[in-house]
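Note sheet for the following structure.
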Amino acid sequence: MKDNIQEKLGEILDSVEIYPEYSPDIIRVKNFTWNKDLVDCIVEYYINGTKCIFRYNDQITKEYDSIKDNPLEQLEWELTYIKRMYERGIGAKEYYPCTTIEH
């Protein structure tokens with residue numbers, strides 16, 4: 001099962017192509033790792049050299065009504081928003097509650 005999740009994570013993260021308005025270069029997610037735990041799921045990845053940490057657990061899901069029931073679906077949803085944020089240069093943390101972007 002964990003191999004299937006690893007494969008799905010790879011598919012989700014590999015599918016991200018960011019086209020920032022300030023650059024002709026395509027930005028992709030690089031070097032992801034995850035802790036192989038779905039109860040307290042942590043996925044670390046890099047976008048254009050910036051470390052992003054996605055963390056999904058019961059405590060976080062109780063804080064927000066809009067969080068999906070599945071950590072992979074939540075990661076995919078947040079990546080969609082983060083992609084738009086990178087492309088437009090603006091964003092709000094409330095739309096990616098499980099992700100910390102370390103600037």
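The values are calculated or read from the model by the stated rules, or taken from the named source; none is laboratory data. All figures in this text were calculated on a predicted structure; none of them were measured in a lab. Don't worry about glycine lacking a Cβ; one is built from the backbone with ideal geometry, like all the others, and counts go over all protein chains shown. The area values use the complete protein model at the heavy-atom level, side chains included, leaving out ligands, DNA and RNA. Shrake-Rupley method; radii C 1.70, N 1.55, O 1.52, S 1.80 Å.
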(message) Using a 1.4 angstrom probe on the protein heavy atoms only, could you order Phe54, Phe32 from most to least accessible area?
(response) Phe32, Phe54
(message) Can you tell me which of Arg88, Arg28, Arg55 moves the most in a GNM of the chain? Springs connect C-alpha atoms under 10 Å apart.
(response) Arg88
(request) Report the extension gain between Thr100 and Tyr46 in nm, rounded to one decimal, defined as 0.36 nm multiplied by the number of residues separating them, less their alpha carbon distance. (result) 18.3 nm
(request) Give me the angle, in degrees from 0 to 90, between the Cα long axis of helix 2-14 and the longest principal axis of the Cα atoms of the chain, rounded to the nearest 10. (result) 20 degrees
(request) Measure off 7 Å from each Cα along the Cα-to-Cβ vector at Asp37 and Lys93, then give the distance between these two points in nanometres to one decimal. (result) 2.3 nm
(request) Could you calculate the FRET efficiency of Gln59 with Glu21 from 1/(1 + (r/R0)^6), where r is the beta carbon distance between them and R0 is 41 Å, rounded to 0.05? (result) 0.70
(message) Taking the 0 to 90 degree range and rounding to the nearest ten, how far is the long axis of helix 71-88 tilted relative to the main principal axis of the chain, both from C-alpha atoms?
(response) 20 degrees
(request) Using the Cα centre as the reference, give the magnitude of the dipole from point charges on the C-beta atoms of the chain (Lys, Arg: +1; Asp, Glu: -1; all else neutral), rounded to the nearest 20 debye. (result) 220 debye
